[in-house]
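Everything below concerns the one structure shown next.
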Amino acid sequence: MTADLSENQPVKTSHGRIRISHPEPGTTSFQIPKEGFSYKGSFTLLIIVSWLLMIMVWTILLLQFNGSLALISIPFWLLGLVTLRLSLKVIMATQEVVVSSRELTILKTEGSATAHATFRLKDIEKIILVEGAYKALSGITRKGNYPAVISNQEAFGFGERCTKEEKQFLLDAVKNITGH
């Protein structure tokens, strides 16, 4: 599915999960929604919850023999809870790329924290697919290819967890609008 990127169209269109809108004349916004409880996200959460249930049973069994012996399970509880927290943050994370006639802004929201990077179009060296590390749905760092803005010899990625087709669409659309 291709999206009409004409600037006179305030209506939202989409490509895969990516929503495209024109909040004001001369501005295009690409919104990448949260992963949510998709198959991959739900499977990851199922594994983590299974881990926590297994540790709970193990802790209960240890408590029957000796209360101090149950302290051995603390690192495993911490591992499971930290992994659950990281996974939920990644599953609920959203991204937005906003391109205007003068600048490009990348917004990434995880929970209540929003990180952003804004670039003047004339300072952008190129927009390309780069290979790098990003957080997967499990919250663990993973390597892969994703679109990035290169400015001052530094890469700023976006759309890391999109499908290969969505990444290519984002790359082509943003390059087309910015002229890079």
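Where a number appears in this text, it was derived from the coordinates with a stated rule and is not lab data. Only a predicted model underlies this, so the values are computations on that prediction, with no experimental measurement involved. All Cβ positions, glycine included, derive from the backbone under ideal geometry; neighbour counts span all protein chains shown.
Quick notes
- Principal-axis analysis of the Cα atoms of the chain puts helix 39-65 at an angle of about 20° to the longest axis.
- Pairs from 122/143; 34/164; 126/175; 89/126 whose Cα-Cα separation, in the structure shown, is over 19 Å: 122/143; 89/126
- Pairwise label distance in nanometres, residue 82 with residue 24, each label 7 Å out on the Cα-Cβ vector: 4.3
- Relative contact order (percent, whole number), the chain, Cα cutoff 8 Å, 6+ residue spacing: 17
- Neighbour-count order for 65, 158, fewest beta carbons within 10 angstrom listed first: 65, 158
- Between the helical axis of 164-178 and the longest alpha-carbon principal axis of the chain there is an angle of about 40 degrees.
- The alpha carbon convex hull volume per residue for the stretch 39-90 rounds to 49 Å³.
- D_trans [Stokes-Einstein, Kirkwood Rh over alpha-carbon pairs] for the chain, 37 °C, 0.692 mPa s, µm² s⁻¹: 179
- Here the contact order of the stretch 82-180, divided by its residue count and restricted to Cα pairs under 8 Å and six or more residues apart, works out to 23 percent.
- Candidates 44, 148, 127 compared by Cα position along the dipole of the chain: farthest toward the positive end lies 44, with charges placed on Cβ.
- Cβ-Cβ FRET estimate between residue 142 and residue 121, R0 fixed at 35 Å, reported to 0.05: 0.70
- Cβ-Cβ FRET estimate between residue 131 and residue 53, R0 fixed at 30 Å, reported to 0.05: 0.20
- The chain: angle of helix 74-91 to the longest principal axis, Cα-based, in degrees nearest 10: 20
- Working note: 222 nm ellipticity from helices only, DSSP H runs with n ≥ 4, each -39,500 (n - 2.57), summed and divided by the residues of the chain, gives -11500 deg cm²/dmol to the nearest 500.
- Simple spin-label estimate for residue 61 and residue 164 gives 4.3 nm between the two label positions (7 Å along the Cα-to-Cβ direction from each Cα).
- Other residues whose C-beta falls under 9 angstrom from the C-beta of residue 146 contribute a net charge of 0, scoring Lys and Arg +1 and Asp and Glu -1.
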